[in-house]
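> Here it is, the structure in full.
The values are calculated or read from the model by the stated rules, or taken from the named source; none is laboratory data. Computed from a predicted model, the values in this text were never measured in an experiment. Please note: Cβ atoms are built from the backbone with ideal geometry, for glycine as well, and neighbour counts cover all protein chains shown. Remember, those area values only see protein heavy atoms, side chains included, never the ligands or the DNA or RNA. Shrake-Rupley method; radii C 1.70, N 1.55, O 1.52, S 1.80 Å.
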Amino acid sequence: MDLEIDIEEPWPEGRWEALASSAAEAAAAVAPELANERLSASLLFTSDSEIHELNRDWRQRDKPTNVLSFPMLEREDLLDLEHVGPPELLGDIALAHETCAREAAEKGVSLEAHATHLIVHGLLHLAGYDHEISPEDADAMEALEIKALAMCGIADPYGDRDTEQGKQEGDAR
């Protein structure tokens, strides 16, 4: 998957591109439909105010949130996508710095680890996974996130499962 990454203030300088690439590789490893080389996605590291505006305008929720995902393909179309052909836009993801930083601090994890979790979470949403449909769907999505994050050396972000990685990061839901 090709990622188009834009990093805005107030995100600090860092290895955000490398972190995003690792998160995308891990997400594709646990959700093979994301491994199609034709896919592209945009990833915006931005501010709470920008996320607040996007959330209000597109989701009718007048508040900031940690991550927003805007899928461009239906899940069925993604699953049926041939591996040969022109590029296909999977969708857009946006991360809010202040909310991500606050959540990371509350959970006692690094901003990098939390951002990785949120990127994986957002990519799974773009692939059609949704934790808000049912408890079973939430469990399935969380299990994929935990596996992907373990590949990145990040512990279970939900802290409610027994894994060798331990229990460190917070919930992206």
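> Accessible area per residue for the chain in Å², computed with a 1.4 Å probe and the full protein assembly in place, what is it?
About 51 Å² of surface per residue is accessible.
> Mind grabbing the accessible area of GLU103 for me, 1.4 Å probe, Å², rounded to tens?
Roll a 1.4 Å probe over it and GLU103 shows about 30 Å².
> Sticking with this structure for a sec: Along the principal axes of its C-alpha atoms, what lengths does region 81-156 span, in descending order and rounded to whole Å?
Computed over the Cα atoms, the extents are 43, 28, 23 Å.
> Separation between the ARG15 and LEU89 pseudo-spin-labels, each 7 Å from Cα along Cα→Cβ, expressed in nm?
3.1
> With a 1.4 Å probe and every protein chain kept in, tell me what percent of the accessible surface of the chain is carbon plus sulfur.
The nonpolar share, carbon plus sulfur, comes to 46 percent.
> Could you calculate the contour length gain from ALA35 to LEU79, that is, 0.36 nm times the residue separation minus the distance between their Cα atoms, to one decimal place in nm?
Additional length available on full extension: 14.8 nm.
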